Amino acid sequence: MQMTVDGFVAGPDGELDWMTWEMGEKVTVYITELMNTSDTILMGRKMTEGFVTYWENVLDNQPDSPEHPFAQKMVGLPKIVFSKTVDTLPGRNLRVENGDLVEKVTELKSQEGKDLIVYGGAGFVSSLIENNLIDELNIFIHPIAISEGMRIFSNRTKLQLIMTQSNPSGIVINTYIPAE
């Protein structure tokens, strides 16, 4: 999750204009490593359209973009979108899951293969946290405070820090696992 130093993952209306898009090589390498350990992307419905449109556009229309190799991964990986309101959404390698979140994610986690990676949004990630469905949480803390917005933690949640990485861009990556 991308997060501000004051704990917000988006502005009050979902704004992401506070994010540092020039993340730097170390952050890019880390994100790529996370993607390489994963074989399925999980997402909430609200962020899917922008996510899919962005990466499919980079793949289809920007062959010279430095993001093009990453776009190949993002478009190529299976994506499961959890929704209570729609049965289908446009996008390559995308399916919509309407079933019980806990049951379906538990089932996905029990299958053979690589890791599942979650790409948000805030409400979806919050539901995963509340239901103890996240095994590892990577928080990319951006060097900005926005004073109000959306959070992913709605309850006290004990975590154990297992890795931290500071970066020249000012982004600090903290990796946590649930504390026992």
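Annotation note: Cβ proximity below 8 Å between a residue of segment 100-111 that is under 14 Å from Ser38 (Cα atoms) and a residue that is loosely packed, with under 14 Cβ neighbours inside 10 Å (sequence gap 6+ or interchain) occurs for Lys109/Asp135.
Summed over segment 148-175, the residues that are touching a Ser or Thr at 6+ places or on another chain (Cβ under 9 Å) and either closer than 24 Å to Asp17 by Cα or not polar (S, T, N, Q) (or both) give a count of 17. The set of residues in segment 6-60 being in contact with a Phe, Trp or Tyr (Cβ under 8 Å, 6 or more places away or on another chain), among the small types (Gly, Ala, Ser) and either over 23 Å from Lys114 (Cβ atoms) or without any contact (Cβ under 8 Å) to a residue 40 or more places away in the chain (or both) consists of Gly7, Gly11. Among the candidates Gly11, Gly44, Gly24, the residue that is touching a strand residue (DSSP E or B) at 6+ places or on another chain (Cβ under 9 Å), small (Gly, Ala, Ser) and closer than 17 Å to Ile144 by Cα is uniquely Gly11. I'm told Ile152 meets every condition in (1) without any contact (Cβ under 8 Å) to a residue 40 or more places away in the chain; (2) not in a strand (DSSP E or B) except one. Can you identify the failing condition by its number? Just one mismatch for Ile152, condition (1).
Computed from the coordinates by the stated procedures, all read-outs in this text should not be read as laboratory data. Owing to the predicted nature of the structure, the values given are computational and were not obtained by experimental measurement. Note that each Cβ is placed from the backbone with ideal geometry, even for glycine, and that neighbours are counted across all protein chains shown.
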